[in-house]
1. Right, residue A:155: within 10 Å of another protein chain (Cβ to nearest Cβ) and closer than 22 Å to residue B:208 by Cα or not?
2. Take residue A:32 and decide whether it is more than 9 Å from chain B (Cβ to nearest Cβ), more than 15 Å from residue A:187 (Cβ to Cβ) and within 16 Å of ligand 2 (Cβ to nearest atom).
3. Residues A:64, A:25: which one is assigned to a helix (DSSP H, G or I) and within 13 Å of ligand 1 (Cβ to nearest atom)?
4. Out of B:272, B:183, B:260, report the one residue that is in contact with a helix residue (DSSP H, G or I) (Cβ under 7 Å, 6 or more places away or on another chain) and either at the interface with chain A (Cβ under 10 Å from one of its Cβ atoms) or surrounded by fewer than 24 Cβ atoms within 10 Å (Cβ to Cβ) (or both).
5. Considering only residues that are surrounded by fewer than 19 Cβ atoms within 10 Å (Cβ to Cβ), more than 14 Å from residue A:146 (Cβ to Cβ) and either modelled with pLDDT of 85 or more or within 11 Å of chain B (Cβ to nearest Cβ) (or both), which ones fall in segment A:166-194?
6. Between residues in segment A:46-69 that are under 17 Å from residue A:253 (Cα atoms) and residues that are in a strand (DSSP E or B) and near ligand 2 (Cβ under 9 Å from one of its atoms), which pairs lie under 8 Å by C-beta distance while being six or more apart or on different chains?
7. Which condition does residue A:77 not pass, out of (1) part of a strand (DSSP E or B); (2) within 13 Å of ligand 1 (Cβ to nearest atom), if it passes all the others?
8. Does residue B:117 satisfy the criteria of being touching a strand residue (DSSP E or B) at 6+ places or on another chain (Cβ under 8 Å), at pLDDT 95 or above and on the phi < 0 side of the Ramachandran plot?
Ligand SMILES: Nc1ncnc2c1ncn2[C@@H]1O[C@H](COP(=O)(O)OP(=O)(O)OP(=O)(O)O)[C@@H](O)[C@H]1O
Ligand SMILES: [Mg+2]
């Protein structure tokens, strides 16, 4: 299996077109509607932010889009392909890779091994139990370069559990980047990071966004304003508003939703 | 590069290359093998063979629990059914020992595929319960089936001639045959753990959703390791049937599933040498306390509880922490 495949004729996608389209996306949890008829279109090679008060359904949306959750209703099309019923691992193989709100590293593996696990995907499946893992050392240089890129070069041999929180987030980003995905979904990538790390990761995101599409959930509005081309505001599972930062920040309903949530 | 003066915290930094650890493991293996080659001239070979069989059984179980993160509470099913099939093949069909063992191991593999495919869909405690339920099915089947000999089991299984030539009747001959099987099995497990497959396995154990998000189809890896574990447990069970010339309900009973959990935890789960050390401790204990009759279980249970309370990581786990080296 290779991640990159020739695009099917007719499914041609060029800059400016939508690479991810969700229609009427809905998810109920035993009666409670966490995501309620969300329509979302993410333009190819844009940075698209998904914001909203706590409990708005942002993470649930991510889970639906990446197939970690079954939608109650609605459809998802990625890169011209209906993925509404596809397995999560296969969505990742199409080049749409997510990160997690709660830092997702492999705690008992070193930082280097964490990144290498992603690079190892380049050799397809790894069912070869008879081969020594020394064959993986050919990925070491690339893994180290990626760790350097997120400021973790000195931590290559450190077990991931021993890293401070912000560093874990950085490791997670390096691991995600190792797959060279066409589209990244980042769930609060900078939560819990120190200011200097936020700067560095912002720059990194801007750099990797060239030629890639990014959909991110982020609470830090200065990050959102400086990075994103489009912002979708979610509240109580519904899309409240969509537009660029200026439009959104002047929108009455958005202001109300945020203030309302703060006073709830 | 790193901003600020931070460096990696001391004591938890491990070498980027794993060759240092591999060399240490090789050295330990070599010393242990030398001891094992000399041991039958000083200790009772049947006792040693029992240790060997349980070391392999526990290592197979540890492959699933310690490296796959899957707690099976029904590993007696694979150990025991392989034991029955091997015993039957040797006794009734008159197969040579190596073929009998091969057949028993194959039976465990088939069982592993079927039960594994159904069990890996469940997580955590539900997985443990499903595996236990399947094992109980195998137990009741063994109790009723005509060829297992019911309460009596299959007795006086002939040890036969290896490749139809070398008699395995003498304990010392059988010992070296068993040693070869167990060492082979343990080396295979070591390789599985330290393979590209093993790396993915550890990733799934550590954080399954993350592994899936990287494109790994976790269930396939889990099924693969389940089948490997069941097969190797079967290899141990089939070998054991020849050693004791007996296959019985004890081998498929849930207490056998419990015993392998105990051995693994006591020795140190997720370590290479833990299950081997655990097997040596538990089998020695059973031998030593054999005179106490039913009290063996109580004594064993007490030691287990104390052991787990005092050293949660198991004997080898603690050692590894002291030495700051993966063992
Ligand atoms: N598995 C679940 N079962 C039941 N309810 C759930 C489940 N997952 C999420 N919810 C509920 O759905 C709503 C949306 O949750 P979600 O995590 O998507 O919010 P969010 O926008 O990501 O919030 P935050 O900013 O706090 O991360 C919440 O009320 C939450 O309690
Ligand atoms: Mg969230």
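1. Considered against the rule, which asks whether it is within 10 Å of another protein chain (Cβ to nearest Cβ) and closer than 22 Å to residue B:208 by Cα, residue A:155 comes out as no.
2. The answer is yes for residue A:32.
3. Numbers: A:25 fails: assigned to a helix (DSSP H, G or I).
After applying the criteria, what remains is A:64.
4. Values: B:272 fails: either at the interface with chain A (Cβ under 10 Å from one of its Cβ atoms) or surrounded by fewer than 24 Cβ atoms within 10 Å (Cβ to Cβ) (or both); B:260 fails: either at the interface with chain A (Cβ under 10 Å from one of its Cβ atoms) or surrounded by fewer than 24 Cβ atoms within 10 Å (Cβ to Cβ) (or both).
Going through B:272, B:183, B:260 in turn, the sole match is B:183.
5. Going through segment A:166-194, the residues surrounded by fewer than 19 Cβ atoms within 10 Å (Cβ to Cβ) turn out to be A:180, A:191-192, A:194.
Next, only the ones that are more than 14 Å from residue A:146 (Cβ to Cβ) stay: A:191-192, A:194.
Selection gives A:194 alone.
6. Listed by first residue and then by second, the contacts come to A:50/A:217; A:51/A:217.
7. (2)
8. Values: touching a strand residue (DSSP E or B) at 6+ places or on another chain (Cβ under 8 Å): no; at pLDDT 95 or above: yes; on the phi < 0 side of the Ramachandran plot: yes.
Judged against the criteria, residue B:117 is not a match.
The values are calculated or read from the model by the stated rules, or taken from the named source; none is laboratory data. Since we're looking at a predicted model, the values are computed, not measured. Please note: Cβ atoms are built from the backbone with ideal geometry, for glycine as well, and neighbour counts cover all protein chains shown.
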